[in-house]
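Encoded as structure tokens, the structure appears first; notes follow it.
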Amino acid sequence: MTQITPQPGIMDITLYQAGKSHVTGQARVIKLSANENPFGPSPKAIAAAQAAAPDLHRYPSTDHAELRTAIGEVHDLDPDRIICGVGSDEVLQFITQSYTGPGDEVIYTEHGFSMYPILARQAGATPVCVPERDRRVDVDQILNAVTDQTRLVFLTNPGNPTGTMLDDAEVARLAQALPAHILLVVDGAYAEFVRGETPFDGGAGLVDAHPNVIMTRTFSKVYGLGGLRVGWGYGAREIIDVLNRVRQPFNLSNLSLNTAEAALRDRDYLSFCMTENAKWRDWLAAELEALGVASDESQTNFILARFADQEEAEACDAVLQSRGVIVRKVAGYGIPNGLRITVGDEEGCRAVVAGIQAFKEGARA
């Protein structure tokens, strides 16, 4: 037997489980398990990817200057305070790697993104899970969990897999109450889907107001680039400088950088995707409610459908799979009676409703 042993905490990691993509016996499926954009990326992004293909033998830039500049222009942010990563996951990894270690504690909430405890354990830190209240983040629970060992707090806003939103005042209260040496990470992967009269900034204003707050965003959701893995973070200049010191110099390819910039600049396509998502999200929630399936108001591109118990949720999932519709069971997120359903296009949403209706009618028969 080998005498080589991993660092403490590594073997405590439960491997991340991605959304299912295939169903045995089904040649064609409607995949609504990974919160992907059903319309795919912008045609301009596809064209940019094709244009980049002849230069795949060339190393990319190490500073991502053009993409950071584009992000800064679109979101009115300082490009020098932006870092790009292989999805926002990599930026989150930079943060935990740089600011936590053995003896430190990392706070996350009960139904928060399942990568948070994994990232903490990678760094040798101790993940601390605090309860939510009716699938919503409870600021007081977070603050009550803070100890002398706390170094990092992860906040998914809007939440995944809940779809719920912590309002601006509560997020500001959390940022204000945390000691200055604790870093608050506002994970805004679904920020573009938040409904409101003014665009949601994902936490950028908090970053400007508090030097111990950092925001992360992704191109994997509304921009439809999950397969390329591009994300970014925005924080104080001193924090971004630290993160760049642990970032691999060529972590993003030319193809990824060029495609992400083209996707970002195509605001008309972004508006189309956001409008379609909002329309079918509301329709799906209303149709499920009419079938007796509850869900909280979602601020994302998915709905968390709640059933009577885990048995009913799993039975409904089985019926959906038999019809070629794949959704996501979320017992691993502490919601055993839930199914997370990505908001698809019209065909996908209607297939979900038809499947759940068939399940309900079969259960009554």
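Find the residue count for region 299-339, including only residues that are touching a Ser or Thr at 6+ places or on another chain (Cβ under 6 Å) and under 20 Å from T164 (Cβ atoms). Spell out the reasoning first.
Pass one, region 299-339, residues touching a Ser or Thr at 6+ places or on another chain (Cβ under 6 Å): 302-305, 326-328.
Going one step further and asking which of them are under 20 Å from T164 (Cβ atoms), we end up with 302-305, 327-328.
Matching residues across region 299-339 total 6.
Please work out which residue is farthest from L252 (Cα to Cα), limiting yourself to region 35-62 and to residues that are outside any helix (DSSP H, G or I) and hydrophobic (A, V, I, L, M, F, W, C).
In the first step, residues of region 35-62 are kept if they are outside any helix (DSSP H, G or I); the result is 35-42, 56-62.
Restricting the remaining residues to those that are hydrophobic (A, V, I, L, M, F, W, C) gives 39, 56.
Numbers: F39: 24, L56: 12 Å.
So, considering only residues that are outside any helix (DSSP H, G or I) and hydrophobic (A, V, I, L, M, F, W, C), the one farthest from L252 (Cα to Cα) is F39.
Considering only region 139-153, how many residues are in contact with a helix residue (DSSP H, G or I) (Cβ under 9 Å, 6 or more places away or on another chain) and either part of a loop (DSSP other than H, G, I, E, B) or farther than 23 Å from T164 by Cα (or both)?
Going through region 139-153 one residue at a time, the tally reaches 2.
Within region 242-261, can you find the residues that are under 23 Å from H57 (Cα atoms), of a type outside the set (V, I, T) and in a helix (DSSP H, G or I)? So that I can check it myself, show each step before the final result.
Initial filter on region 242-261 (under 23 Å from H57 (Cα atoms)): 247-261.
Remaining after also requiring of a type outside the set (V, I, T): 247-258, 260-261.
Residues satisfying the conditions are N254, L255, S256, L257, N258, A260, E261.
Please find, within region 180-199, the residue that is farthest from E297 (Cα to Cα) out of those that are free of Cβ contacts under 8 Å to residues at least 60 places away in the same chain and either outside any loop (DSSP other than H, G, I, E, B) or in contact with a Gly (Cβ under 8 Å, 6 or more places away or on another chain) (or both).
Filtering region 180-199 down to residues free of Cβ contacts under 8 Å to residues at least 60 places away in the same chain leaves 180-182, 184, 186, 188, 191, 196-199.
From what is left, the residues that are either outside any loop (DSSP other than H, G, I, E, B) or in contact with a Gly (Cβ under 8 Å, 6 or more places away or on another chain) (or both) are 184, 186, 188, 191.
Details: L184: 25, V186: 20, G188: 17, A191: 15 Å.
Residue satisfying both the conditions and the ranking: L184.
Can you say whether Y269 is in contact with a Lys or Arg (Cβ under 9 Å, 6 or more places away or on another chain), on the phi < 0 side of the Ramachandran plot and at pLDDT below 95, as far as the supplied structure shows?
Against the criterion (in contact with a Lys or Arg (Cβ under 9 Å, 6 or more places away or on another chain), on the phi < 0 side of the Ramachandran plot and at pLDDT below 95), Y269 does not qualify.
Go through region 86-101 and report how many residues are out of contact with any Asp or Glu (no Cβ under 9 Å at 6 or more places or on another chain) and either closer than 19 Å to P161 by Cβ or modelled with pLDDT under 95 (or both).
Taking region 86-101 as the starting set, the residues that turn out to be out of contact with any Asp or Glu (no Cβ under 9 Å at 6 or more places or on another chain) are 86-87, 89-91, 93-101.
Remaining after also requiring either closer than 19 Å to P161 by Cβ or modelled with pLDDT under 95 (or both): 87, 89.
Residues that pass the stated criteria total 2.
Does at least one position in region 121-132 carry a residue that is more than 30 Å from R265 (Cβ to Cβ) and touching a His at 6+ places or on another chain (Cβ under 8 Å)?
Yes, region 121-132 contains a residue that is more than 30 Å from R265 (Cβ to Cβ) and touching a His at 6+ places or on another chain (Cβ under 8 Å).
Going through R237, R217 one at a time, which residue ends up being assigned by TED's automatic domain parsing to the domain that holds T96, charged (D, E, K, R) and either at pLDDT below 95 or under 18 Å from the mean Cα position of the chain (by Cα) (or both)?
Within the list R237, R217, the selection yields R217.
Exactly one condition in (1) modelled with pLDDT under 95; (2) part of a loop (DSSP other than H, G, I, E, B) is not met by L77; state its number.
(1)
Any idea which residue in region 83-125 is surrounded by the fewest Cβ atoms within 10 Å (Cβ to Cβ), counting only those that are without any contact (Cβ under 8 Å) to a residue 60 or more places away in the chain and in a strand (DSSP E or B)?
E105
L284 versus (1) surrounded by fewer than 22 Cβ atoms within 10 Å (Cβ to Cβ); (2) in contact (Cβ under 8 Å) with a residue 24 or more places away in the chain: which is the lone unmet condition?
(1)
Being among the β-branched types (V, I, T), over 15 Å from R195 (Cβ atoms) and either touching a Lys or Arg at 6+ places or on another chain (Cβ under 7 Å) or surrounded by fewer than 23 Cβ atoms within 10 Å (Cβ to Cβ) (or both), is that true of even one residue in region 294-312? Can you show your working first?
Going residue by residue through region 294-312, those that are among the β-branched types (V, I, T) are 300, 303.
Applying the additional criterion that residues be over 15 Å from R195 (Cβ atoms) yields none.
No, every residue in region 294-312 fails to be among the β-branched types (V, I, T), over 15 Å from R195 (Cβ atoms) and either touching a Lys or Arg at 6+ places or on another chain (Cβ under 7 Å) or surrounded by fewer than 23 Cβ atoms within 10 Å (Cβ to Cβ) (or both).
Residue by residue, here is whether (1) at pLDDT below 70; (2) in contact with a strand residue (DSSP E or B) (Cβ under 6 Å, 6 or more places away or on another chain); (3) over 29 Å from F302 (Cβ atoms) holds:
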position: Q3; (1), (2), (3): no, no, yes
position: I10; (1), (2), (3): no, no, yes
position: K20; (1), (2), (3): yes, yes, no
position: A27; (1), (2), (3): yes, no, no
position: N37; (1), (2), (3): no, no, no
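Go through region 154-179 and give me each residue that's of a type outside the set (A, V, I, L, M) and part of a loop (DSSP other than H, G, I, E, B).
N157, P158, G159, N160, P161, T162, G163, T164, D167, P179
The values are calculated or read from the model by the stated rules, or taken from the named source; none is laboratory data. Since we're looking at a predicted model, the values are computed, not measured. With ideal geometry, Cβ positions are generated from the backbone for all residues, glycine too; neighbour counts draw on all protein chains shown.
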